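The values are calculated or read from the model by the stated rules, or taken from the named source; none is laboratory data. Since we're looking at a predicted model, the values are computed, not measured. Positions of Cβ are backbone-derived with ideal geometry, glycine not excepted, and every protein chain shown enters the neighbour counts.
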Amino acid sequence: MKSYFRPEIDALAGYTAGEQPKIANLIKLNTNENPYPPSPAVAKALQEFDIDRLRRYPDPFADELRDLFAADCKVKRENVIAGNGSDDLLTMCFRAFTSPEHPVAVFDPSYSLYPVLAAMQGAEVIKVSLNMPDFSYPENGATLAGKANMLVITRPNAPTGTLCPKELVRKYCREFDGIVLIDEAYGDFAADNCMDLVAEFDNVIVMRTFSKSCSMAGVRLGYAVSDPVIIEGLMKLKDSYNVDMLSQVVGKANYLDKSYRAECISAIRRDRDAMRDALLKLGFEIPESHANFLFAAPPDGNGEACFLYLRENAVLVRYFKGSVTGRYIRITIGTPEENARVLELLTSKYA
Ligand SMILES: *Cc1c(COP(=O)(O)O)cnc(C)c1O
């Protein structure tokens, strides 16, 4: 049959999401979800929710949420857009700022969705390699991004967990003539963030999600903060009702319980650092992580064998093929019991 698709779509491999297998007793540490449930306030909000409201469309702009986010970020409602997860907001940004004439620059390695979104636009991807062996960021990143119209900085980075120093981000924002998109999906696990750069520069977008630090990957909620002119432009190309009513209700309830969230985050950071120390003692190579996962190369440098060994033992982590990434596995930090099991398995294989 003849293809009716645009050539860009025919050529597209599509994004490979981490597996969501339905295997009983599997320890699932492959997609950086939070091991702790969302705030108890979520159950309460759902119990109190009047089902009749579902007949109506939701607030198309999710203004109540925008106001909450704006207050915390010390900006105005006009600076904020809500999305159906960060992936929705990323899609909007790639639609808005990339095309066959408008390339995008991404660091390599980083989030594997970016090149897929670029391909849908028929946009060239300029890959700026991180320095080896520590995955640090090149000082001349803005120059290397060349003629791109958008530069994406994942901060902390995935899958490495490393953090581009804030002064260097600032330098990129100053030197790069285009949009600087800072993806802070894991920002809550780091010691600092770049939200204040939105006030300093008019070409910066900072993006956050409820999927990782807020224990709500199933709900699909995220937001982006930028100059009002940029937000207004993104509003033009979003789906009319891109955040559904239930997400707005439970998102708000969860977001307001800040002390609960802070406790979960600090437990994860503590367990992350302890796990890294233990694996370093086994001879693993692991860059310092500022996120809720570790990018860990086993002593023999065979990431795939390590991934398969854990999988045979009902522990699922993430493995990324490639000459650099293939030496590593990415392990999401789980509950203390899950982490202990991973450590036990890795100790028996590598000690
Ligand atoms: C998980 C992740 C996202 C996507 O978050 P959703 O809100 O679940 O769509 C975006 N960027 C990075 C770097 C991520 O790891």
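Things worth noting here:
- Answer residue from the stretch 98-111, given it is surrounded by fewer than 22 Cβ atoms within 10 Å (Cβ to Cβ) and outside any loop (DSSP other than H, G, I, E, B) and is nearest to the ligand (Cβ to nearest atom) among those: D108
- Filter result (in contact with an Asp or Glu (Cβ under 8 Å, 6 or more places away or on another chain), part of a loop (DSSP other than H, G, I, E, B) and within 14 Å of the ligand (Cβ to nearest atom)) within the stretch 215-227: S215, A217, R220
- Those residues of the stretch 116-137 which are under 26 Å from I329 (Cβ atoms) and either surrounded by 18 or more Cβ atoms within 10 Å (Cβ to Cβ) or out of contact with any strand residue (DSSP E or B) (no Cβ under 6 Å at 6 or more places or on another chain) (or both), in sequence order: V116, L117, V125, V128, L130, N131, M132, P133, D134, F135, S136, Y137
- Pairing residues of the stretch 260-274 that are within 20 Å of L294 (Cα to Cα) with residues that are of a type in the set (D, E, K, R) and in a helix (DSSP H, G or I), at Cβ distances under 6 Å and at least 6 apart in sequence or on separate chains, gives I265/D188.
- Among the conditions (1) more than 11 Å from the ligand (Cβ to nearest atom); (2) over 25 Å from L246 (Cβ atoms); (3) crowded, with 19+ Cβ neighbours inside 10 Å, K76 misses just one, which is (3).
- Selected residue (only one of M207, M235, M216 is over 18 Å from C93 (Cβ atoms) and either surrounded by fewer than 22 Cβ atoms within 10 Å (Cβ to Cβ) or modelled with pLDDT of 95 or more (or both)): M216
- Taking the stretch 320-342 as the range and being more than 16 Å from N34 (Cα to Cα), in contact (Cβ under 8 Å) with a residue 60 or more places away in the chain and of a type in the set (K, R) as the test, only R341 passes.
- Cβ pairs under 6 Å, 6+ apart, first in the stretch 291-319 and within 20 Å of K212 (Cβ to Cβ), second of a type in the set (G, A, S) and part of a helix (DSSP H, G or I): Y319/G303
- Selection from the stretch 169-188 of residues that are assigned to a helix (DSSP H, G or I), of a type in the set (A, V, I, L, M, F, W, C) and under 23 Å from S112 (Cβ atoms): V169
- Scanning the stretch 1-51 for residues that are touching a helix residue (DSSP H, G or I) at 6+ places or on another chain (Cβ under 7 Å) and without any contact (Cβ under 8 Å) to a residue 40 or more places away in the chain gives a single hit, S3.
- Hits in the stretch 165-192 - residues which are within 14 Å of the ligand (Cβ to nearest atom) and either without any contact (Cβ under 8 Å) to a residue 60 or more places away in the chain or closer than 18 Å to R261 by Cβ (or both): I182, E184, A185, Y186, G187, D188, F189, A190
- Evaluation of D202 against the conditions (1) within 13 Å of the ligand (Cβ to nearest atom); (2) not in a helix (DSSP H, G or I); (3) not hydroxyl-bearing (S, T, Y) shows that the sole unmet condition is (1).
- Those residues of the stretch 124-164 which are assigned to a loop (DSSP other than H, G, I, E, B), among the hydrophobic types (A, V, I, L, M, F, W, C) and within 16 Å of the ligand (Cβ to nearest atom), in sequence order: L130, F135, A158, L163, C164
Okay, residues lined up against (1) touching a Lys or Arg at 6+ places or on another chain (Cβ under 7 Å); (2) of a type in the set (K, R); (3) within 19 Å of A190 (Cβ to Cβ):
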residue: C214; (1), (2), (3): yes, no, yes
residue: Y223; (1), (2), (3): yes, no, yes
residue: K238; (1), (2), (3): no, yes, no
residue: K258; (1), (2), (3): no, yes, yes
residue: E263; (1), (2), (3): no, no, yes
residue: S289; (1), (2), (3): yes, no, yes
residue: G301; (1), (2), (3): yes, no, no
residue: F307; (1), (2), (3): no, no, no
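- Residue within the stretch 37-60 that is within 16 Å of the ligand (Cβ to nearest atom), farther than 23 Å from I268 by Cβ and at pLDDT 95 or above present: no
- One residue stands out among those in the stretch 228-255 that are under 16 Å from R77 (Cα atoms) and in contact with a helix residue (DSSP H, G or I) (Cβ under 7 Å, 6 or more places away or on another chain): the one that is farthest from the ligand (Cβ to nearest atom), which is P228.
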